[in-house]
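Below: one structure, written as structure tokens.
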Amino acid sequence: MERHEIPRYVPDASVAVKWFVDERGSGPARRLRQLFQDGSVDLDAPSLFRYEVASALRFHPVRRFAPGEFRVVMESLDGLEIMREPSGREWATAFALSLENPISIYDAVYVAFAVHGHSQMVTADTTLATRLKSTETRQRAIMLADLAL
């Protein structure tokens, strides 16, 4: 019998914010989340994802969340059960990727998850995408707008 693996993605915080805020790219971002909930794709994210999403929502330039709304959003995010601590190998890869590309360790951890998970990091952050210089990072990263779902 032939084994079919479902596509695996590592969404970054720029994608997750679109799950909770109506803005450009919210449709594809929500479709990615729905496909995960339906079992059609797999999602993986570093534990820092939670903090980055929380900070992005707290300082969102348009959408303001009341404390109760924010709590519901964070419970929804936790309910996906996609976050985990990076392994030692993922940390080492993230550090190397951060040195090879002008990106932060925070951003490099997402790429490292994609490298070790044989998946793609999905981002809506064009600045991040333009900073990915090495072949490995460009192959493991995809813009949300370019993701065929």
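Taken together, the values in this text are just the output of simple stated rules run on the coordinates, not laboratory data. From a predicted model like this one, the values you see are computed outputs, not experimental measurements. Positions of Cβ are backbone-derived with ideal geometry, glycine not excepted, and every protein chain shown enters the neighbour counts.
Here are a few things to note about the model shown:
- Using only side-chain charges placed at the Cβ, +1 for Lys and Arg and -1 for Asp and Glu, the dipole size of the stretch 1-114 relative to its Cα centre rounds to 380 debye.
- For the stretch 22-89 versus the stretch 101-139, the spacing of their alpha-carbon centroids is 18 Å.
- Sorted fewest first by neighbouring Cβ atoms within 10 angstrom, Val109, Val53, Val21 come out as Val21, Val53, Val109.
- Neighbour count of at most 10 Cβ within 10 Å plus DSSP loop: longest GluC sites (Glu not before Pro)-free window in the chain: 6-80
- Computed over the chain, relative contact order equals 29 percent, with contacts defined as Cα pairs under 8 Å that lie 6+ residues apart.
- Neighbour-limited loop hits for chymotrypsin sites (Phe, Trp or Tyr not before Pro), the stretch 26-126 (at most 14 other Cβ within 10 Å; DSSP other than H, G, I, E, B): Phe59
- Vicinal HN-Hα couplings computed from phi for the stretch 133-144 (Karplus, 6.51 cos²θ - 1.76 cosθ + 1.60; Hz; Gly/Pro x): 9, 6, 4, 4, 6, 5, 6, 9, 10, 9, 6, 3
- Estimated 222 nm signal from helices in the chain, with DSSP H stretches of n ≥ 4 weighted -39500 (n - 2.57), rounded to 500: -16500 deg cm²/dmol
- Near the amide H of Ser119, within less than 5 Å, lie no amide hydrogens of residues on another chain or at least 5 residues away, with H placed in the peptide plane.
- Within the stretch 59-101, the trypsin sites (Lys or Arg not before Pro) that combine a DSSP coil assignment with at most 13 other C-beta atoms in a 10 angstrom radius are Arg63, Arg64.
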